[in-house]
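**Student:** My questions will all concern the structure given below.
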Amino acid sequence: MSEHRGADDCDVLVIGAGLAGLRCAVVLAERGCEVAVWEAEDRVGGRIRTDVVDGFRCDRGFQVLNPAYPALRRAVPVRDLGLQPFDAGVVVRRDHDRVKWVHPLRQPREVPRMLMGGGLSPRQVAALLRWAAPAVRSGVLAAAHHDTDLRDALDHCRVDGISRRVLDRFLAGVLLDDTGSTSNAFALLLTRMFALGVPGLPADGMQALPELLARPILDRIHLQHKVTRIARTGADWTVTAGDVTVRAREVVVATDAPASSVLTGAPPPATKGVVTDWWAVDDLPPRPAMLSVDGRARPPGPVLNTAVISSAAPTYAPPGRHLIAASALIGPQHPTPSEAVLRRHAADILGLDASTWTLVVRHEIPDALPAQPAPLVVRRPVRSPDGLWLCGDHRDTASIQGALVSGRRVAEAIMARRSAATI
């Protein structure tokens, strides 16, 4: 990858080396297109980034990778990531204890024990199954035109009590929304993915995914190229980053939603924010390799989920040490909590003494995910009125799957247009 030199004129210039931009560029390169990628930062990945601090791997905002995503399997050899899976289920903090809720399809023998000791009544289980039933059908997106928001769908299925609280808080950590206004169809789509695959973390951190995706086009990626101007020049485009200018037949804006709005002038979509704290711990008893959520009616803090990350992903911590993460929402309705508040609540959920925890790093990400309200729209236009191409998870679904699909979709549209022009 080149960090300081400019790129020559090209057929297609992709602005942004996140998942969508990289996938778009790889597909174009595979089909013989002369493509270049400009990235403003010093490495690929966009919002997917791993900081290595004192031997700890800390992803920017707690993320997991689901190997069941179809677009992921088509884009990279997933086995090369060395995925370290979490156990399928969650640990639930109740008023006076903690219980494990297992994935019924992954650990069916544990289900009777969970039902007896997990605080779930047969009626609550039936309500959860009513809500989740559409997720087992592959055509869940086909029913998106009947979509409603998640809160109304759960109310309609009479999901309540501790089952509602746990599901609400688990999904709030995935969707970064605790209002229930997210599309129910989108929540069911993600639930389907959780049923098909067990999420995990790459051995080298989430940053390993964009780096693996970028391998086929390393010589076409130019880092520290922050675009300041895009202008029409006849049938082409002229793009400037600092003192470097390139002329391209097509330009793909593959940045996150706020940056895309700045470059294209389009109204920015609403986004959701998250803060994640990472702590180092020296001594811990064995812990389940599961996320933990607060199932109490009145949780004493803002933590959406927390986990001893190194229990699932030993490569995230130096030998003999442990890494804990906890996340909370931030935004207009969610003032950023202090590290002490997150630490206290995370320790309470996990049942640990936090007096020896040492903060490794804090990540505040105000635009972590595009909002995905009902009714679900999964195929937003890939071209602006003035002819720029657009891709990113804000053009598809707000997920790794959506980003990869969006990049491929734009690449195929560009190639179709080029083929039509030669006829």
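The values are calculated or read from the model by the stated rules, or taken from the named source; none is laboratory data. Worth saying up front: this structure is predicted, and the values here are computed from it rather than measured. Virtual Cβ from ideal backbone geometry, glycine too; neighbours counted across all protein chains shown.
**Student:** Can you tell me which of THR240, THR179 is within 23 Å of the chain's Cα centre (by Cα), surrounded by fewer than 17 Cβ atoms within 10 Å (Cβ to Cβ) and more than 30 Å from PRO319 (Cα to Cα)?
**Tutor:** None of the other options fit; the residue is THR179.
**Student:** Limited to segment 349-381, what total is found for residues that are surrounded by 20 or more Cβ atoms within 10 Å (Cβ to Cβ) and over 30 Å from LEU284 (Cα atoms)?
**Tutor:** Counting residues in segment 349-381 that are surrounded by 20 or more Cβ atoms within 10 Å (Cβ to Cβ) and over 30 Å from LEU284 (Cα atoms) gives 6.
**Student:** For ALA25, work out the one condition from (1) within 25 Å of VAL227 (Cα to Cα); (2) under 16 Å from the mean Cα position of the chain (by Cα); (3) crowded, with 22+ Cβ neighbours inside 10 Å it doesn't fulfil.
**Tutor:** (2)
**Student:** Sticking with this one: Going through LEU359, LEU388 one at a time, which residue ends up being within 30 Å of ALA185 (Cβ to Cβ) and among the hydrophobic types (A, V, I, L, M, F, W, C)?
**Tutor:** LEU388
**Student:** Moving on. Only one residue in ARG98, ARG123, ARG73 is surrounded by fewer than 20 Cβ atoms within 10 Å (Cβ to Cβ), under 20 Å from GLY295 (Cβ atoms) and free of Cβ contacts under 8 Å to residues at least 40 places away in the same chain. Which one?
**Tutor:** The conditions single out ARG123.
**Student:** Also: Show the residue pairs that are 6+ apart or on different chains and have beta-carbon atoms under 6 Å apart, the first residue being within segment 296-316 and in a helix (DSSP H, G or I), the second being surrounded by fewer than 17 Cβ atoms within 10 Å (Cβ to Cβ).
**Tutor:** Final answer for the pair search is THR315/ALA203.
**Student:** Could you tell me whether segment 166-181 includes any residue that is at pLDDT 95 or above and among the hydroxyl-bearing types (Ser, Thr, Tyr)?
**Tutor:** yes
**Student:** Is it true that some residue in segment 272-291 is in the same structural domain as HIS345 (by TED's automatic domain parsing) and without any contact (Cβ under 8 Å) to a residue 24 or more places away in the chain?
**Tutor:** Within segment 272-291, one or more residues are in the same structural domain as HIS345 (by TED's automatic domain parsing) and without any contact (Cβ under 8 Å) to a residue 24 or more places away in the chain.
**Student:** Check segment 386-393 and report whether any residue there is out of contact with any Cys (no Cβ under 9 Å at 6 or more places or on another chain), closer than 21 Å to GLN63 by Cβ, of a type outside the set (D, E, K, R) and not assigned by TED's automatic domain parsing to the domain that holds VAL410.
**Tutor:** No, because not a single residue in segment 386-393 is out of contact with any Cys (no Cβ under 9 Å at 6 or more places or on another chain), closer than 21 Å to GLN63 by Cβ, of a type outside the set (D, E, K, R) and not assigned by TED's automatic domain parsing to the domain that holds VAL410.
**Student:** Please specify each residue of segment 399-423 satisfying the condition of being farther than 26 Å from THR271 by Cα, in a helix (DSSP H, G or I) and not acidic (Asp, Glu).
**Tutor:** Answer for segment 399-423, where residues must be farther than 26 Å from THR271 by Cα, in a helix (DSSP H, G or I) and not acidic (Asp, Glu): ALA413, ILE414, MET415, ALA416, ARG417, ARG418, SER419, ALA420, ALA421, THR422.
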